[in-house]
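The values are calculated or read from the model by the stated rules, or taken from the named source; none is laboratory data. What you see is a predicted model; the values in this text were computed from it and never measured. When we count neighbours, we look across all protein chains shown, and the Cβ atoms used for this are built from the backbone with ideal geometry, even at glycine.
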Amino acid sequence: MKQADKVYDIIGAGIGPFNLGLAALLDQTPELEALFFDENPEFQWHAGMLIDGTTLQVPFLADLTTMADPKSPFTFLQYLQEQGRLYAFYFYEKFHIPRQEYNHYCRWAASKLPSCLFGRRVTNVTFASAKGVYVIEVENAFQQTTEYYYSRHIAAGIGTRPELPPAAASLDSSGCCHSAEFLFEKQEMTEKSSLTVIGSGQSAAEIFLHLLQEKPQHGYRLQWYTRSPGFFPMEYSKLGLEHFSPEYTRYFYHLDPAVKDQLLTQQDLLYKGISMDTIAAIYDELYEQTIGGSPCDVRLQAQTELTEVIQRRDGAYELSLCDVHTGETHTIDTEGLILATGYKPAIPTFLEGIEHGLERDEKGRLLIDEKYRIRQSNRAHHIFVQNGEMHTHGVGAPDLGLGAHRNAVIVNELAGRTVYPVRETNVFQQFGWPVSSKERKEELI
């Protein structure tokens, strides 16, 4: 079904926190018209990991809009005011908010933004040269129709999808799940006699802690293996956190691509470690469960890589685990397997209609310029990328704290003026040497 010939300034595909934040900032920019589509029937943020007691790993100021516009009607504090929870939060006295409340806050914002439409999946994008617009094909799940919209620019909420280790890529889902599905599979998992968690980051730690706390109730054997050198804390010093700043993003962007790839392999603990609070909670729980010499039947082992998984006829799994230093391999049994093995960029298939114009690097990754636009032959009509630019912009790409900054850059580019100030200086330390004003202008052309 063809829609009216109305041309939007930007259409977003996918509504996660980043495109939701862009919609919120654009809502206060009346000269720009936008629409955002998401295939899910409603907003949900990592629903399978909304475990009781878990918090965001960034302060509440990393909401949809505050770091770009503290006066926005879509800030977390405005949400608290409307929910009647401002005093409750004041006395709560915590900088890191419950993950469930962040999800509820985003759902609140989505419900107030008429530009955000759910139950609609973007299936294809083409470019109509005669009109100078993108044609966006959308499947409407509610009405079972196909719709077409026109836009000068696109915001691709690329996001990520669960990544499974090669040894477990083809497993039957029964008794095995990725951490993204944990809460949906939890009831079935906790009925098993043995559970094994694979992974080293915050998600693995939160799942292990949750299962450890419920272990006395269910009585299963619990194991946790990771190929990382140890169960180490995430870098959370104040100067370390300054790597999640516009200055470091700018510095990283101008590095040689080979240097970027090498540097990212050295920065795991900036974003892949475990919070100190979670590590402490795990240790305290282990300590309390072993009072008086009580058997715990728990195993934690680092430097151990999952190399093979065999599913037996009875549904249980045989895991081959290799010591990364000695090469020694052991086989263990487990009835339940939770793979907290991270995520990888999910390049959307709808870009296939304009693939011929997109520029990629020698590894096949999209080339993204400093203003978060995919490099392409058609430079007048842009495809902005949300959370798909770690290889070009660094570790801050998936960080909620930089989402509002990226969206401010995008809005300013769309409007052709400074709608939201983007400051050159935000942190105390310097990353690299100053770039001359002449070089700066040449880079931005």
(message) Please count how many residues of segment 253-279 are modelled with pLDDT of 95 or more and either over 19 Å from Val58 (Cβ atoms) or touching a Leu at 6+ places or on another chain (Cβ under 8 Å) (or both).
(response) 13
(request) Look through Glu318, Glu359 and report the one residue that is loosely packed, with under 15 Cβ neighbours inside 10 Å and either assigned by TED's automatic domain parsing to the domain that holds Gly394 or hydroxyl-bearing (Ser, Thr, Tyr) (or both). (result) Glu359
(request) Select, from Pro30, Pro59, Pro41, the only residue that is at pLDDT 95 or above, within 30 Å of Leu212 (Cβ to Cβ) and part of a loop (DSSP other than H, G, I, E, B). (result) Pro59
(message) Within segment 237-346, considering only strands (runs of 3 or more DSSP E) that don't extend past its boundaries, which have at least 2 residues that are more than 30 Å from Gly16 (Cα to Cα)?
(response) 298-301, 304-311, 317-323, 329-334
(message) Yes or no: segment 177-191 includes at least one residue that is closer than 30 Å to Leu366 by Cα, hydroxyl-bearing (Ser, Thr, Tyr) and not assigned by TED's automatic domain parsing to the domain that holds Asp277.
(response) no
(message) Please list, ordered by residue number, the strands (runs of 3 or more DSSP E) wholly in segment 93-194 having 2 or more residues that are aliphatic (A, V, I, L, M) and over 30 Å from Asp333 (Cβ atoms).
(response) 120-128, 133-140, 145-156
(message) Which pairs turn up if I take residues in segment 57-86 that are assigned by TED's automatic domain parsing to the domain that holds Leu22 and at negative phi and look for partners that are part of a loop (DSSP other than H, G, I, E, B) and surrounded by fewer than 19 Cβ atoms within 10 Å (Cβ to Cβ) with beta carbon separation below 6 Å, at least 6 apart in sequence or on another chain?
(response) Pro59/Phe95
(request) Kindly indicate which of Ile354, Ile310, Ile279 is under 22 Å from Val135 (Cα atoms) and aliphatic (A, V, I, L, M). (result) Ile354
(request) Tell me which of these Thr349 doesn't satisfy, since it passes every other one: (1) within 19 Å of Glu163 (Cβ to Cβ); (2) surrounded by 13 or more Cβ atoms within 10 Å (Cβ to Cβ). (result) (2)
(message) It is to be established whether one or more residues within segment 423-434 are farther than 30 Å from Pro166 by Cα, over 20 Å from the mean Cα position of the chain (by Cα), outside any helix (DSSP H, G or I) and among the acidic types (Asp, Glu).
(response) yes
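Test His210 against the stated conditions and say whether it is of a type outside the set (Ser, Thr, Tyr), within 23 Å of the chain's Cα centre (by Cα) and buried (at least 21 other Cβ atoms within 10 Å of the Cβ). I'd like the intermediate steps shown before the answer.
Values: of a type outside the set (Ser, Thr, Tyr): yes; within 23 Å of the chain's Cα centre (by Cα): yes; buried (at least 21 other Cβ atoms within 10 Å of the Cβ): no.
No.
May I ask you to list the residues in segment 351-401 that are of a type in the set (Lys, Arg) and either assigned to a loop (DSSP other than H, G, I, E, B) or in contact with a helix residue (DSSP H, G or I) (Cβ under 6 Å, 6 or more places away or on another chain) (or both)?
Going residue by residue through segment 351-401, those that are of a type in the set (Lys, Arg) are 360, 363, 365, 371, 373, 375, 379.
Matches in segment 351-401: Lys363, Arg365, Lys371, Arg375, Arg379.
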